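Working notes, beginning with the structure itself.
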Amino acid sequence: MLGLLKKAGYAITADPGKADVIIVNTCGFIEDAKQESIDTILEMAAYKQAGKSPKLLVTGCLSQRYAEELYVEFPEVDGFLGVHDYAHIVPVVETVLSGRRVTGWDAPPCALPMASRLLSTPGYAAYVKIAEGCDNRCSYCAIPEIRGPFVSRAIGDVYDECASLAGRGVKEITLIAQDTTRYGEDRVGASLLPDLLTSLGSIATLRWIRVLYCYPERVTDRLLSAVAGLPKVCNYLDIPIQHIDADILKKMNRKSTPGQIRALYSRIRGLGAGFSLRTTLIAGFPGESEAQFESLCRFIKECPFDHLGAFAFSPEDGTAAAGLLEQVPQRVREGRRDRLMQIQAEVAKALNRRRAGRTYEVLTEGYDPDSGRYFGRTYAQAPEIDTKVFWRAEQGLSPGTFVKVRVTGSEEYDWIGEMTDEPAQ
């Protein structure tokens, strides 16, 4: 949207007080995200009461799901656009500036090319969406209803975007989709993710390529070989397993079994100690017994993940899981989530102790004046969601600079180190 608007001659500002049009891009995935979106809409609506009286547009998942309700509840909003309307942002802005109110635009589901993209991340890193929508139909998830069926972009289209970003100084690309491992199945009947990684690996100025959101049942030996064998692809995989109990996985309509998850974990760990794994878990799914929850706790101790996020089950409108009997009380869900994260904190401490003395290549992200240390990430840490590395440096370091850091300790989840001339291990 930002790229299309800039191409059309609009200036972009991060200060809503200076804007003629304020755009709030929303999430509607879980209850906390919906509330945050609504709070932001109300915060931005306050700018209409003073000064320039800007127009207010709400886009994204929340307006895709609840357009009619929002249209009535928020008369101060000038337009509501869903997730398939982004390509039409310029005529929509022109429409609301003319004084007309908009709700939706006639746009079919698609995986948009990003030829006009404007980066909103730091200049050295970018997310690249390789597909839109989802066909997995997990019983707790509303994404298929919000974003429609899975649609992959062409390899050439993704390559062109990544090459363009690299030409503008981007050094790290993070590939995302609702299910990256399904990439290409809608086009050729088989995953093209290894082929895409091979193609992107030929872009000379890219340093790191990272893959998020890999469904465990679709992580093949061919994909693992590509991740482990291609020099620019980070030895890092994000594999959301959600649970380890067979009955809970079946209720979730997940396609993997506990045996498959354990076997995949062993295969990946067998690739080498340097391979980094992330996962996500749902605590308090309907019908989850204390014994089933304890089996999940044991699993994450027996099979430690480098990074782990746990979420209390959120019953979402229109999903099968929201209508299941035996809903777990909210306080129990949250307590189980907290317990999982307490276990992960201990797991992280143990893993960090093993890293002491190792030297890593680190992408500098910034400087923390309170501690007097720089911070950044290794290949084993994804942007925004994972831990960081902190170190001191005598010379000034610019964001986007790669340096070598020897790990000397840790603070909670984050790593502490010192700059060195030693080669990365």
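The values are calculated or read from the model by the stated rules, or taken from the named source; none is laboratory data. This one's a predicted model, so the numbers in the text were calculated from it and none came from an experiment. Here Cβ is always computed from backbone atoms with ideal geometry, including for glycine, and neighbour counts include all displayed protein chains.
Go over the candidates Leu224, Leu197 one by one and state the one that is touching a residue at least 40 places away in the same chain (Cβ under 8 Å) and crowded, with 16+ Cβ neighbours inside 10 Å.
When all the criteria are applied, what remains is Leu224.
What is the number of the single condition among (1) over 30 Å from Ala166 (Cβ atoms); (2) at pLDDT below 95 that Gln425 does not meet?
Here Gln425 meets the rest and fails (1).
In region 136-178, which residue that is among the acidic types (Asp, Glu) and modelled with pLDDT under 95 is surrounded by the fewest Cβ atoms within 10 Å (Cβ to Cβ)?
The extreme case among them is Asp160.
If I filter region 383-417 down to residues being among the charged types (D, E, K, R) and surrounded by 14 or more Cβ atoms within 10 Å (Cβ to Cβ), which single residue comes out as farthest from Glu346 (Cα to Cα)?
Lys404
Checking Lys255 against (1) surrounded by fewer than 21 Cβ atoms within 10 Å (Cβ to Cβ); (2) under 30 Å from Arg355 (Cβ atoms); (3) charged (D, E, K, R), which test does it fail?
Going through (1) surrounded by fewer than 21 Cβ atoms within 10 Å (Cβ to Cβ); (2) under 30 Å from Arg355 (Cβ atoms); (3) charged (D, E, K, R) one by one, Lys255 breaks only (2).
When Glu326 is evaluated against the numbered criteria (1) among the charged types (D, E, K, R); (2) outside any strand (DSSP E or B); (3) touching a residue at least 40 places away in the same chain (Cβ under 8 Å); (4) on the phi < 0 side of the Ramachandran plot, which criterion, by number, is the only one it fails?
Result: Glu326 passes all but (4).
On the given criteria, is Gln381 closer than 30 Å to Ala310 by Cβ and not assigned by TED's automatic domain parsing to the domain that holds Arg278?
yes
Can you pull out every residue in region 366-382 that is surrounded by fewer than 20 Cβ atoms within 10 Å (Cβ to Cβ) and not basic (Lys, Arg)?
Selection gives Gly366, Tyr367, Asp368, Pro369, Asp370, Ser371, Gly372, Phe375.
Check whether at least one residue in region 286-305 is within 26 Å of Leu223 (Cα to Cα), part of a strand (DSSP E or B), touching a residue at least 12 places away in the same chain (Cβ under 8 Å) and in contact with a strand residue (DSSP E or B) (Cβ under 6 Å, 6 or more places away or on another chain), and report yes or no.
no
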